[in-house]
Amino acid sequence: MKVWTEQAGYPYITVERTDDFFILTQEYFMDKATFVQPLEQRAAEMLSDSAAVYVNTEPARLYTVPLFIASPKNPNNYTIYWLTDKSLQVPVTELAGGADDWLIVNAHAAGYYRVHYADAELQKIVDHLKTDVTVFDAKTRAQLICDVSFLAGAGVVEQVRILKVTEFLTVETAYLTWHMVQEALAYIDLMLSSRSAHAQFTDPHGLQRNGLLHSCWTWRRAPGGVYMASCNVGGFRRKAADDEGVRVFPQRNNY
């Protein structure tokens, strides 16, 4: 327990795959509660010499990490592996049956860490979500977007990866996932607001190119200052997401 209580930050777990093994590696990560900051403050810090999020790969910063792993062999639950060193190799045959099988680390958002999937592994997850969004629960889907957003803000991955991971939103119905998308896209929107690329980002015709549509967001406020953004054109599942928001926050007021 001392590794968690006596050192700052927390880990992010990189997920890679070879022909024979899944390779799970921990890196040290420390942020400044990025989503708690006002968007304007985040943008100012990111554009200044001092980054809003800090990443350090110092080898001595290691944690004892419970890895909650779901796979096609155990899709509705998870198997726990313990990462106590820098990396862990798990035989592919233990978790996957084929080369195209997906792997989810931190299923149900059960652990206190972030996950960085290699490009090929992330694409398998997104492709599967586009065909069956219910294979992962809403917490897992929201955490997937949240992790990509934070890692992009830290410079671990490019911001364009946020757009890649939203490709499954055409079949998304959960309020929680849409709320996390709103957080991620609002930040990108602010960062692009003074640049020529902003017009392309907000262009409704970009729906088919990018899999998202920013200019049709509708905003509602729920008790406790929670906001919901959803979309009412272009095939997005606004009505279902809106109904889910009503279920979670029955006293929500429009404004």
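The values are calculated or read from the model by the stated rules, or taken from the named source; none is laboratory data. Quick caveat, the model's predicted, so the values are computed rather than measured. Note that each Cβ is placed from the backbone with ideal geometry, even for glycine, and that neighbours are counted across all protein chains shown. Protein only, heavy atoms only, side chains kept; ligands, DNA and RNA dropped before computing areas. Shrake-Rupley method; radii C 1.70, N 1.55, O 1.52, S 1.80 Å.
Condition first: surrounded by 19 or more Cβ atoms within 10 Å (Cβ to Cβ), at pLDDT 80 or above and not in a helix (DSSP H, G or I). Can you find one or more residues in the range 174-184 that meet it?
yes
Which residue is nearest to the chain's Cα centre (by Cα), if the candidates are limited to the range 59-97 and must be small (Gly, Ala, Ser) and in a loop (DSSP other than H, G, I, E, B)? Break it down into steps so the answer makes sense when it comes.
Just the residues of the range 59-97 that are small (Gly, Ala, Ser), to begin with: 60, 70-71, 87, 96-97.
Imposing the further condition that a residue be in a loop (DSSP other than H, G, I, E, B) reduces the set to 60, 71, 96-97.
On the way: ALA60: 27, SER71: 18, ALA96: 22, GLY97: 25 Å.
Checked the range 59-97; the qualifying residue nearest to the chain's Cα centre (by Cα) is SER71.
Among the residues in the range 61-84, are any surrounded by fewer than 17 Cβ atoms within 10 Å (Cβ to Cβ), farther than 18 Å from GLU16 by Cα and β-branched (Val, Ile, Thr)?
Yes, because at least one residue in the range 61-84 is surrounded by fewer than 17 Cβ atoms within 10 Å (Cβ to Cβ), farther than 18 Å from GLU16 by Cα and β-branched (Val, Ile, Thr).
Evaluate the following for THR134: is it assigned to a helix (DSSP H, G or I), over 19 Å from ARG17 (Cβ atoms) and over 16 Å from the mean Cα position of the chain (by Cα)?
So THR134 fits the description; yes.
Answer yes or no: is there a residue in the range 33-40 that is touching a helix residue (DSSP H, G or I) at 6+ places or on another chain (Cβ under 8 Å) and at pLDDT 75 or above.
No, every residue in the range 33-40 fails to be touching a helix residue (DSSP H, G or I) at 6+ places or on another chain (Cβ under 8 Å) and at pLDDT 75 or above.
Could you tell me whether any residue of the range 107-127 is free of Cβ contacts under 8 Å to residues at least 60 places away in the same chain, closer than 14 Å to ILE69 by Cα and open to solvent by 40 Å² or more (accessible area, probe 1.4 Å)?
yes
Inside the range 98-115, can you point out the residues that are among the aromatic types (Phe, Trp, Tyr) and either assigned to a strand (DSSP E or B) or over 25 Å from MET30 (Cα atoms) (or both)?
First, pick out the residues of the range 98-115 that are among the aromatic types (Phe, Trp, Tyr): 102, 112-113.
Matches in the range 98-115: TRP102 only.
Might you let me know whether the range 140-156 holds any residue that is in a helix (DSSP H, G or I) and over 13 Å from the mean Cα position of the chain (by Cα)?
No - not one qualifying residue is present in the range 140-156.
Whether any residue in the range 146-158 is surrounded by fewer than 21 Cβ atoms within 10 Å (Cβ to Cβ), farther than 23 Å from GLU27 by Cα and in contact with a helix residue (DSSP H, G or I) (Cβ under 7 Å, 6 or more places away or on another chain) is what I want to check.
No, the conditions are met nowhere in the range 146-158.
Just name the residue that is nearest to LYS73 (Cα to Cα) out of those in the range 128-174 that are of a type in the set (D, E, K, R) and without any contact (Cβ under 8 Å) to a residue 12 or more places away in the chain.
Keep residues of the range 128-174 that are of a type in the set (D, E, K, R), which gives 130, 132, 137, 139, 141, 147, 158, 161, 164, 167, 172.
If we keep only those that are without any contact (Cβ under 8 Å) to a residue 12 or more places away in the chain too, we end up with 132, 158.
Details: ASP132: 16, GLU158: 31 Å.
So the residue we want is ASP132.
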